[in-house]
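Shown next, in structure tokens, is the structure this report addresses.
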Amino acid sequence: MDKKIGKLLLFFSVVLASCTMSAQDFSVSLRVTDQQGHFLKEAGIGVPFLIQVEVINKGKKDSSRPQLSLPPEITLGQLGTTSSIRTINNDTVSKKTYQYSAVSNQVGTFTIGPALVHIPGGDEIRSNIVAVKIAERPKLTESAEKEAHQVFVEFSADTTAPYVGQAVTVSLRFYYSDDSVHLDHLQEPVFKDCKSSGLQGPRNGQATVDGVQYGYLEWQTTLFPTHAGTIVIPAVGAQVSMPMERSSHRMDMFSLVNQMLGTGRQKQIYSNSLTLMVHDLPAHGKKNVRAVGKFSSLHGKLGSEKASVGEGINFTLELVGEGNFQMINHPSLILPESLRYYDSHVKEHQLTDKMKKKDFEYVLQGLKPGEYDIPAQAFEYFDGKTKSYKTLHSRPLKITITGEEKRKTETSSTTGQSQSAGSDLPDNLGPESTLNGGGTGRIRCIAWPWFMGILFVLLLIIVGRFLWMGWLGYREKNASYFVSRDAFYQAERSLKKARKEKKYAEIYHIFITLFCSRLSVSAADVSEEIIERTLKEKGFSAAQIIAWRQFFARTLAVTFAVLPETDDLWAEAEKWLALLKGIL
Amino acid sequence: MKKIFFVAMAALFFTVSAHQAKETFLKALAEYNQGHIQQSVELYESLEQKTPAILYNSGLCYYRLDNYGKALTCFRKVERRGNHEVVKKAQAMQALIKQKKGFSADSYWYTTIITIKSLLSPLFVQILFLLLSVFFVLLLYLKRLKGLKCVLLGSALVLMTIVTLTDYWFSSQVYAVVIQSEVVAYAGPDKEFHKVATLHAGQEVKVVEEKQSWYKVSFQNFQGWVEQIDLEKIT
């Protein structure tokens with residue numbers, strides 16, 4: 001028993017030792033740096049930084065790829081892996097560095113890590129945790145601070161607390177202190193939850209910042225926030241070429257060549273990010289006003305003052321001013337009940353740098369004849385400067401709807417598109433004015449298979465009827481033949497039936513019925529003499545008549561059970577029936 | 001209860017759909033009157049159920065856009081489905097287009113059939129035919145049919161049989177209109193075959209056979225294969 005416990009303990013200790021030894025062979029560390037490889041504590045919004053996970057392996061077995069724990073606010077992209085192997089005194093140490101590019105578009109302090117690595121034996125090793133602060137204007141490293149005096153990118157807005165739909169002028173400036181600095185590439189800014197008029201520029205200028213004279217290139221755009229809340233515009237990256245630093249030591253071959261050729265060094269710099277706190281428009285009763293700005297006039301225009309019922313008339317509302325035109329759709333019209341309208345085209349015209357004119361076109365239709373007043377149309381908007389709601393009114397108009405089809409010569413051509421293309425069409429070939437004017441289009445009919453089926457049945461009945469009538473006529477014409485044929489047919493059937501049922505007494509009655517039918521006499525009138533006389537007339541010889549007499553007497557005797565019933569009587573009866581068929 | 005609910009929902013759906021169709025039709029008409037022909041035809045094409053009025057108005061739009069192939073297709077479809085008034089207008093428009101393009105006009109026989117079809121409802125003709133047939137059968141069985149009555153009724157039935165069978169034959173024929181400007185007909189269902197003829201937009205052909213994306217068509221004295229995208233079927 002002791003031996004068994006001892007063996008068990010030994011086994012577990014070996015397993016534990018191997019795990020520990022395995023763990024000691026591996027180590028994992030996590031670092032966060034800027035793109036130049038310098039240790040980083042603060043990063044800008046939208047500015048990429050690097051996460052490096054270093055796995056050192058002193059053993060011979062390989063580990064898994066690290067799994068990195070990240071908050072959802074940080075977006076990760078993979079860059080690559082580098083490896084190095086070193087052997088000292090037969091001990092091999094390999095180092096693998098996994099690099100990831102990360103970026104965040106939200107302000108805050110976030111924890112990156114730990115990185116988990118699975119090692120052979122089933123264990124896992126965790127790295128350290130690093131905290132990173134994401135700020136609008138991050139604290140720069142010393143070297144970055146030094147270079148920022150030479151060249152930097154600045155994002156600014158005329159207001160950081162606009163209302164929904166209010167115009168926000170955003171400016172992006174690239175400052176440079178030295179003309180030898182070149183801007184190679186500027187990243188396009190991302191404006192989320194905003195409508196933008198598009199980046200315009202660049203414009204050259206000069207400015208003094210912190211006592212230093214700079215030249216700048218400026219781009220501007222106007223944003224119209226579409227939702228209330230916080231809108232973060234991430235930092236914008238720029239690639240610049242700067243002159244090489246002259247240094248007495250560490251002059252490698254490439255920097256020497258570059259200096260000689262006059263080519264600068266490439267550098268990636270980032271602007272600050274921009275945060276807008278967008279407020280909802282103040283409540284305005286139950287109305288949902290989306291127009292924000294300063295609008296000067298609203299003008300209504302009719303394409304024609306006369307039209308017929310159903311005919312379309314062009315109506316335009318012209319709005320002039322400065323504001324979020326992109327967010328303004330067709331305003332609702334206030335019209336009399338007998339006028340209906342549909343939204344049509346929209347046209348925008350730039351009047352000055354900021355002033356615009358937007359034409360909202362509608363198609364009006366009169367439903368009933370009469371004279372109608374189109375009341376003044378109202379347009380409500382929010383003035384961001386005075387922070388109040390204002391209303392513009394158009395002037396009222398009159399329109400006459402006639403009950404007749406309007407002649408084409410009276411149609412106005414304010415839209416610029418004439419109807420002369422169809423002028424070769426006679427008046428009576430104009431369009432249909434109602435949806436079901438030419439019928440519903442549904443072809444109602446009985447399905448062809450059914451119709452043909454019914455017709456076929458009727459045809460069969462008709463043909464059958466004709467055939468039947470023809471058959472009856474033929475029978476009438478050949479009545480005697482058919483009567484005789486029917487009588488013998490009936491006699492044969494009865495004989496067969498009697499034979500089957502062994503009714504010998506029936507034979508006599510069958511022959512009596514046959515003779516009654518053929519001689520057209522009743523059963524009371526028929527007698528042996530009449531039968532024999534008829535047979536004689538039909539050509540029976542004396543011997544045949546005697547034979548007949550004997551047969552007939554025998555059938556009578558069998559009927560009254562005077563003579564026994566014998567099977568040969570059936571054959572004889574059939575023989576006489578066949579004989580009589582030929583003569584009667 | 002469930003059945004009533006579903007029936008009610010179906011009725012509501014169809015009512016709303018019909019209302020929307022009417023609105024779209026009126027909007028398209030307004031656009032046409034304003035001279036916005038392209039917008040008008042797009043609105044007409046967006047309607048699912050094409051009534052004769054929609055087809056006729058679409059045909060007018062295509063005519064004004066100089067798309068004679070599509071215009072003729074629309075007017076041909078009106079002929080098959082419309083009432084007498086709109087069929088007359090469609091026939092007049094077709095005659096106008098054919099005169100303009102130099103196509104041969106429809107034969108008198110064809111025009112007569114179309115006119116008669118537009119005057120008589122197929123259902124009416126079928127029911128009349130069946131009633132006459134039943135009447136004939138009854139008279140036959142009652143033996144009241146003799147001499148002139150028999151001849152007259154028999155003649156009427158024969159005539160109606162001819163009309164019905166002609167209508168059936170006519171409806172079963174598949175015709176198509178060329179909608180592209182220059183369409184080549186090949187000897188087989190592939191462009192590798194040699195060319196047989198060139199068809200122009202608006203020409204009407206009879207579809208004899210269908211194979212993959214090709215139609216075998218019959219036109220005047222020839223037969224050839226044409227790609228399906230170049231034609232639009234009328235029936």
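The values are calculated or read from the model by the stated rules, or taken from the named source; none is laboratory data. Here the structure is a predicted model, which means the values were calculated and not measured. Please note: Cβ atoms are built from the backbone with ideal geometry, for glycine as well, and neighbour counts cover all protein chains shown. These area figures cover heavy atoms from the full protein model, side chains too; ligands, DNA and RNA do not enter into them. Shrake-Rupley method; radii C 1.70, N 1.55, O 1.52, S 1.80 Å.
The figures follow:
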{"item": "Qualifying positions in region A:352-374 - within 19 Å of A:TYR341 (Cα to Cα) and open to solvent by 50 Å² or more (accessible area, probe 1.4 Å)", "result": "A:LEU367, A:LYS368, A:PRO369, A:GLU371, A:ASP373"}
{"item": "Residue match in region A:439-448 (condition: modelled with pLDDT of 80 or more and open to solvent by 40 Å² or more (accessible area, probe 1.4 Å))", "result": "yes"}
{"item": "Residue tally, condition in contact with a Phe, Trp or Tyr (Cβ under 8 Å, 6 or more places away or on another chain), outside any helix (DSSP H, G or I) and aliphatic (A, V, I, L, M), over region B:61-89", "result": "0"}
{"item": "Selection status of B:GLU42, open to solvent by 10 Å² or more (accessible area, probe 1.4 Å), more than 9 Å from chain A (Cβ to nearest Cβ) and part of a loop (DSSP other than H, G, I, E, B)", "result": "no"}
{"item": "Residues being assigned to a helix (DSSP H, G or I) and over 16 Å from B:CYS74 (Cα atoms) - total across region B:90-115", "result": "10"}
{"item": "Scope region B:168-195; condition over 18 Å from the mean Cα position of the chain (by Cα), open to solvent by 60 Å² or more (accessible area, probe 1.4 Å) and more than 17 Å from B:PHE103 (Cα to Cα); matching residues", "result": "B:ASP190, B:LYS191, B:GLU192, B:PHE193, B:HIS194, B:LYS195"}
{"item": "Flag for A:ASP486 being without any contact (Cβ under 8 Å) to a residue 40 or more places away in the chain, within 17 Å of A:GLY582 (Cα to Cα) and among the acidic types (Asp, Glu)", "result": "yes"}
{"item": "Residues that are within 14 Å of chain B (Cβ to nearest Cβ) and either hydroxyl-bearing (Ser, Thr, Tyr) or touching a Leu at 6+ places or on another chain (Cβ under 9 Å) (or both), drawn from region A:355-367", "result": "A:GLU361, A:TYR362, A:LEU364, A:GLN365, A:GLY366, A:LEU367"}
{"item": "Any hit, region A:474-488, residues being open to solvent by 50 Å² or more (accessible area, probe 1.4 Å), among the polar types (S, T, N, Q), over 30 Å from B:LEU140 (Cα atoms) and over 60 Å from the mean Cα position of the chain (by Cα)", "result": "no"}
{"item": "Candidates B:SER58, B:SER133, B:SER118, filtered to the one that is among the small types (Gly, Ala, Ser), part of a helix (DSSP H, G or I), open to solvent by less than 30 Å² (accessible area, probe 1.4 Å) and at pLDDT below 80", "result": "B:SER118"}
{"item": "Check on B:ALA11, open to solvent by 40 Å² or more (accessible area, probe 1.4 Å), within 12 Å of chain A (Cβ to nearest Cβ), farther than 19 Å from A:ILE313 by Cβ and aliphatic (A, V, I, L, M)", "result": "no"}
{"item": "Residues within region A:155-170 that are open to solvent by 10 Å² or more (accessible area, probe 1.4 Å) and in a strand (DSSP E or B), tallied", "result": "4"}
{"item": "Unique residue being within 26 Å of B:GLY82 (Cα to Cα), among the aromatic types (Phe, Trp, Tyr) and modelled with pLDDT under 85 when the list is B:PHE6, B:PHE14, B:PHE25", "result": "B:PHE14"}
{"item": "Total residues in region A:430-474, condition over 29 Å from B:VAL125 (Cβ atoms) and within 7 Å of chain B (Cβ to nearest Cβ)", "result": "2"}
{"item": "A:GLU348 vs. criteria assigned to a strand (DSSP E or B), of a type in the set (D, E, K, R) and either without any contact (Cβ under 8 Å) to a residue 12 or more places away in the chain or closer than 17 Å to A:ASN329 by Cβ (or both)", "result": "yes"}
{"item": "Considering residues of region B:56-83 that are touching a helix residue (DSSP H, G or I) at 6+ places or on another chain (Cβ under 6 Å) and among the charged types (D, E, K, R) only, the residue farthest from the other protein chains (Cβ to nearest Cβ)", "result": "B:LYS70"}
{"item": "Filtered residues of region B:17-39 (kept if more than 9 Å from every other protein chain (Cβ to nearest Cβ) and closer than 17 Å to B:ASP66 by Cα)", "result": "B:GLN38"}
{"item": "Contacts under 6 angstrom Cβ, first residue in region A:257-286 being closer than 18 Å to A:GLY44 by Cα, partner modelled with pLDDT of 75 or more and among the hydroxyl-bearing types (Ser, Thr, Tyr), 6 or more apart", "result": "A:LEU276/A:THR160"}
{"item": "Sole exception among (1) of a type outside the set (D, E, K, R); (2) on the phi > 0 side of the Ramachandran plot; (3) surrounded by 15 or more Cβ atoms within 10 Å (Cβ to Cβ) for A:SER520, by number", "result": "(3)"}
{"item": "Residue within region A:311-319 that is open to solvent by less than 20 Å² (accessible area, probe 1.4 Å), under 27 Å from A:GLY165 (Cβ atoms), within 14 Å of another protein chain (Cβ to nearest Cβ) and within 37 Å of the chain's Cα centre (by Cα) present", "result": "yes"}
